[in-house]
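Engineer: Quick one: this structure, given as structure tokens, is what I'll be asking you about.
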């Protein structure tokens with residue numbers, strides 16, 4: 001299947017999932033993993049209606065948290081704080097941007113991932129342009145139902161180093 005077809009399929013699958021329960025399970029899996037690694041500056045994301053909500057981590061794991069904001073063709077990094085409506089139905093931070101080099105973990109959402117850490121996004125390329133700018137560890141989060149053997153890849157696609165599902169967290173590269 002090509003990426004547009006896979007996106008339509010993935011969105012249909014997301015509609016069948018219990019996002020609330022999956023989010024809680026994923027947070028529970030991430031807490032010990034985060035504690036073992038001591039990440040201090042973590043980029044999360046404000047979830048779209050079909051995405052996993054990891055924002056409860058901010059109350060359960062001590063760290064400095066940041067959110068991305070659409071900035072032209074890319075993403076900027078902002079400390080967690082007040083939010084305002086942004087493009088694509090996203091809630092975005094209103095705090096001033098910081099240098100993305102402060103991050104030591106970037107949590108990456110996706111419609112689907114494959115077992116080698118490649119991501120199927122919405123097709124706008126924001127994370128594809130952002131990830132090469134940071135030296136942080138990259139963690140993809142996805143329900144097990146949307147973890148595929150292999151996704152189609154473009155030359156600009158960048159894999160994450162770790163994947164997390166409701167069943168656990170593991171290194172992929």
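Engineer: Could you work out which residue, out of 76, 23, 35, moves most in a Gaussian network model of the chain, that is, has the largest mean-square fluctuation with Cα springs under 10 Å?
Structural biologist: 35
Engineer: Follow-up question, since we're still on this one. Want the number for residue 172 to residue 71: 0.36 nm per residue separation, take away the alpha-carbon distance, what's left?
Structural biologist: Values: separation 101, 0.36 × 101 = 36.36 nm, distance 2.95 nm.
Stretched out fully, the residue 172 to residue 71 stretch lengthens by 33.4 nm.
Engineer: Report the full-extension gain for the segment residue 28 to residue 99: residue separation times 0.36 nm, less the Cα-Cα distance, to one decimal in nm.
Structural biologist: 22.6 nm
Engineer: While we're on this one: Report the Cα centroid-to-centroid distance between the range 14-82 and the range 112-166 in angstrom, as an integer.
Structural biologist: After rounding, the separation between the Cα centres reads 15 Å.
Engineer: Out of 48, 131, 67, any idea which swings most in a Gaussian network model of the chain, alpha carbons joined below 10 Å?
Structural biologist: For the chain, modelled as a Gaussian network with Cα springs under 10 Å, the answer is 48.
Engineer: Additional query: With a 10 Å Cβ neighbour count serving as the proxy for reagent exposure, in which order, fewest first, do 165, 5 appear?
Structural biologist: Going from least to most buried by this count: 5, 165.
Engineer: For a quick check, take a GNM of the chain with Cα springs below 10 Å and name the residue from 123, 86, 72 with the largest mean-square fluctuation.
Structural biologist: Of 123, 86, 72, the most mobile in the Gaussian network model is 72.
Engineer: What number, rounded to the nearest 500 deg cm²/dmol, is the helix-based mean residue ellipticity at 222 nm of the chain, given -39500 (n - 2.57) per DSSP H run of at least four residues and division by all its residues?
Structural biologist: Calculated from helices alone, the mean residue ellipticity at 222 nm is -7000 deg cm²/dmol.
Engineer: Still on this structure: Give the order of 154, 104 when sorted by the count of other beta carbons within 10 angstrom, beginning with the fewest. Walk me through the numbers before you get to the answer.
Structural biologist: Values: 154 9, 104 18.
The fewest-first ordering by Cβ neighbours comes to 154, 104.
Engineer: Rounded to the nearest 5, what is the percent of antiparallel bridges among the DSSP beta bridges in the range 1-133?
Structural biologist: 70
Engineer: Of the listed values [x] 17.8; [y] 18.3; [z] 16.2, grab the one calculated as Kirkwood radius over Cα pairs in Å from the structure here.
Structural biologist: Working out Kirkwood radius over Cα pairs in Å from the coordinates points to [z].
Laboratory data are not the source of any read-out in this text; all were calculated from the coordinates shown. Just so it is clear, the model here is predicted, and its values are computed rather than measured. Note: ideal-geometry Cβ built from the backbone for every residue, glycine included; neighbour counts use all protein chains shown.
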